[in-house]
Every structure is written in C-alpha cells, then in structure tokens.
C-alpha cells in the first residue's frame, strides 16, 4: 500500500515509518524539510499550513497517517484545527481511502483540558470531508524523546523531592512507544478498523505519583513527593520550565490535561491487533536504554 506519514520526523512518526516499510508498504515521509530527512521512506515536502503542498504530497496515496499537533504556542487549538481541516480536504481531493490519527484518551463526559479537547476536535475535522478515519486514543506514551516521558524522567533525575498539585493522584494508563507503533501499523492490515475509534494503553493503570516513584526505583534514586492542592497549573508550568527542558507553554498544556483521568474504557483493539502489551517498568527501561545508546553514539 502507498502510505503517507504526516509528522514523519516527529516522536512517533520516525518510529512508525520503518515499521510500515518493514511491513512492505511504500512509505512517503512528509516533512517541511525533506532535504534534511534521514529516516525510512521517501521524503516528500508537505506543510499542514499550506494546502497546496498537501495536495501534492497526497497524490496517489491510499492511506495517510496524521501525527501532527502543536503545544508550544498559546493558539495551538486554532492552529491544529486549521491544519486538520486542510489535511482532510486535501486527502478527500486526492482520493485517499483512509486516515489514521493518534489522538488522546479522556472521557468525553469530563471537562476535558484544552489539549484533550483539541485532540477531539481534530478527530472530528479529519472526518468531515468523508474520508474514513481510524482514531487511536492514547495517554502518556513512554519512549525516548516524548515530551510527557521527558517531563517524568527529568523530574525524577533532577529533584530529590518535589511539591506537586493534585494531579499526582490522577489515574492514567501509560503505553510503551513500541506498542503505539504496533497498533498504528497494525490497523492498516484490518479493514474492519476503518471509521472506528479505539482506546490504546499499557497493561497497568497508575497514578502520576506511581509513575514517578517507579522511575525513581528503576534509576536507584530517592524521591519524596509532597502534594500541595493550591499549586495552580500556571505556577506548576513555571516551576517545570525551571527544572526541566519543557517550556512553560507546553508544560501548562500538559499539566492542565493531568487533571483528566486517561484510562482505557474499551479494549476492543486488543482483539484485532493482537500482541502482549509492554509493562510500564519495561517501557521505562526501553526508553532509558535508547537514550543511553544515543548518548554513546554522539
């Protein structure tokens, strides 16, 4: 199948492209800088802010992965909505048979954060031109280079103690990056996943406190966590930008989302794309191992 990956050089995309290529697909890696692309697949120019470039990139494409989103700007909701509209329109005009989108977990009955609400809006906009969309909703993805994972790792490694807001007690269902890639690549082999939405997650439901403390144990560190209910998201984001590499704008968007419980409500995907999901501890070890290997090769 001829497949385009929008966001090919991103955290998930650069792992997905080789998996799709290994599965025998003809992979087009869409990027704004094709001359700099060194990953799997054929690099093609495409910018979600330029519908003309999307039309060119999507020519003769049968399936398209949409892995584009932004958190590092205050108007990310507007930017992501405009990008999704343009991509959906270009995909329909090009005759693309299906779109696969990686969205976010969260119960629609809750008051979703701006970040998660934006993910839902993108789901809707991608489908509004009639191209069938397969949506995979994930919570925190554990893998080297992922923003949420880097936030976790850096907090544990840089602070022996931390003052946190109430979100440390929120439940989440983290998933290994390798498992996200397995699901994304796997749905392409199953026509029955077209036009459907699936929750994906790892085998364990944990609180953010659990996650932080597990990483501390794995790394042999001591960690004290002191929840402070009055610590606001804005103050938390400033604090994170001081002690981690995450900028305040991105940090605030992530922290706002940490008030929403993000767990799998329906595991139907496991009966379609079958494999044994990776445990949280093993996912952490994989992420730390990849980071160590990259540091050695620099």
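Derivation of every value follows stated rules applied to the coordinates shown; laboratory data play no part. Predicted model, so just to flag it, every value in this text is computed and none were measured. Please note: Cβ atoms are built from the backbone with ideal geometry, for glycine as well, and neighbour counts cover all protein chains shown.
Panel order for 211, 1, 30, by other beta carbons found within 10 Å of each beta carbon, from fewest to most: 1, 211, 30.
Taking only Cα atoms, what is the 0 to 90° angle, nearest 10, from helix 114-127's long axis to the longest principal axis of the chain? Taking Cα atoms only, the helix is inclined about 10 degrees. Among 200, 51, the order by Cβ neighbours within 10 angstrom, fewest to most, reads 51, 200. Only helices enter this figure: runs of n ≥ 4 DSSP H residues, each worth -39500 (n - 2.57), summed and divided by the residues of the chain, yield -13000 deg cm²/dmol at 222 nm to the nearest 500. Write down the percent of antiparallel bridges among all DSSP beta bridges whose residues are both part of the chain, to the nearest 5. Expressed as a percentage, antiparallel bridges in the chain total about 10. Each residue in 205, 226, 264, 243 was given a count of other beta-carbon atoms within 10 angstrom of its own, and listing them fewest first yields 226, 243, 205, 264.
Considering all different alpha carbon pairs of the stretch 121-208, the Kirkwood hydrodynamic radius works out to 15.2 Å.
For the chain, what is the Kirkwood hydrodynamic radius in Å, using each pair of distinct C-alpha atoms? Computed over Cα pairs of the chain, the Kirkwood hydrodynamic radius comes out at 19.7 Å.
Mean sequence separation of contacting Cα pairs (under 8 Å, at least six apart), scaled by the length of the stretch 67-130, corresponds to a relative contact order of 45 percent.
The value of relative contact order for the chain, using C-alpha pairs under 8 Å at least six residues apart, is 18 percent. Rounding to the nearest 10 and keeping the result within 0 to 90°, find how far the Cα-based axis of helix 208-218 lies from the longest principal axis of the chain. Approximately 80 degrees, to the nearest ten.
Angle between the Cα long axis of helix 233-243 and the longest principal axis of the chain, 0 to 90 degrees, nearest 10? Long axis of 233-243 versus the principal axis of the chain: about 80 degrees.
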